[in-house]
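To start, the structure itself, in structure tokens.
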Amino acid sequence: MYDYKKCRKIMAARLERYGYLKKTAGSDFDKITDIIAKMYGHKNAGILFVGVAGCGKTTAAKAIFPTTPQRRKQLIEQDKDYITPVHLFELENRKSVARLSDDYDWMAYHGQGINVFLDDLGADQPIIQYGQRICYTSEFLFEKYKKFERGETGRLIVTTNMTSDQLTERYGERVVDRLISMMAICKLDGKSKRRNLEF
């Protein structure tokens, strides 16, 4: 049975264990645990992490949603509640973008319960196939929205550095409007946590 307080406590512990620390994340830490806990109250809602490069979007997402069998096993051993294993697509990687097309056929066949993590939305580039420019990300989001409308389970987890205006310019209003309707939006206010090398 869904329990907001229990879920939020689990998410906080999960973030800390993975290295996304409250003492450095500040108010973003509480924001993430609150929104994730509320997300689990809806059977197929997703989450969109928005923020500048290096603010911890991907780190937070990977802490909460296991992207590998090893990570899933680790989380199940630590707590069995609120586990959402995801299929990871790193959109700055052209091969990963191309997989969206092939893998979605498999996901559509299996239907329920397929969770997808699109990391770095906006970093993908259209692919030339048979002389045509194809944006697999846009096509994927359209199909995912159809499944969401039908009430099929399967969460969508997305990270992006882009604003809503930039996403609209890139993918079009129809795609972004559908994307946002499927998601809880978690806007992180922190600055980049990456540091220069010191010698």
Sole exception among (1) in contact with a strand residue (DSSP E or B) (Cβ under 7 Å, 6 or more places away or on another chain); (2) crowded, with 17+ Cβ neighbours inside 10 Å for residue 187, by number = (2)
How many residues are over 19 Å from the mean Cα position of the chain (by Cα) and surrounded by 17 or more Cβ atoms within 10 Å (Cβ to Cβ) if we restrict to the stretch 114-150?
-> 0
Within the stretch 10-55, the count of residues that are touching a Ser or Thr at 6+ places or on another chain (Cβ under 8 Å) and over 23 Å from residue 160 (Cβ atoms) comes to 2
Scope the stretch 143-198; condition part of a helix (DSSP H, G or I) and of a type outside the set (D, E, K, R); matching residues = 145, 148, 164, 166, 167, 168, 171, 175, 176, 179, 180, 181
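Do we have residue 18 as closer than 22 Å to residue 85 by Cβ, under 16 Å from the mean Cα position of the chain (by Cα) and in contact (Cβ under 8 Å) with a residue 40 or more places away in the chain here?
On the way: closer than 22 Å to residue 85 by Cβ: yes; under 16 Å from the mean Cα position of the chain (by Cα): no; in contact (Cβ under 8 Å) with a residue 40 or more places away in the chain: yes.
Here the answer is no, as residue 18 does not meet what is asked.
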Which of (1) surrounded by 19 or more Cβ atoms within 10 Å (Cβ to Cβ); (2) out of contact with any Asp or Glu (no Cβ under 9 Å at 6 or more places or on another chain); (3) more than 26 Å from residue 125 (Cα to Cα) does residue 8 not meet, given it meets every other one?
-> (2)
Test for residue 150: is it at pLDDT 85 or above, in contact with a Phe, Trp or Tyr (Cβ under 9 Å, 6 or more places away or on another chain) and among the charged types (D, E, K, R) | no
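Which one is nearest to residue 53 (Cα to Cα) among residues in the stretch 95-138 that are in a strand (DSSP E or B) and modelled with pLDDT of 80 or more? Quick ask: steps written out before the conclusion?
Of the residues in the stretch 95-138, the ones in a strand (DSSP E or B) are 116-121, 127-129, 132-134.
This time we only want the ones that are modelled with pLDDT of 80 or more, so: 116-121.
Numbers: 116: 21, 117: 17, 118: 15, 119: 12, 120: 9, 121: 12 Å.
Within the stretch 95-138, the match that is nearest to residue 53 (Cα to Cα) is 120.
The values are calculated or read from the model by the stated rules, or taken from the named source; none is laboratory data. Everything numeric here is computed off the predicted structure, so don't read it as measured data. Please note: Cβ atoms are built from the backbone with ideal geometry, for glycine as well, and neighbour counts cover all protein chains shown.
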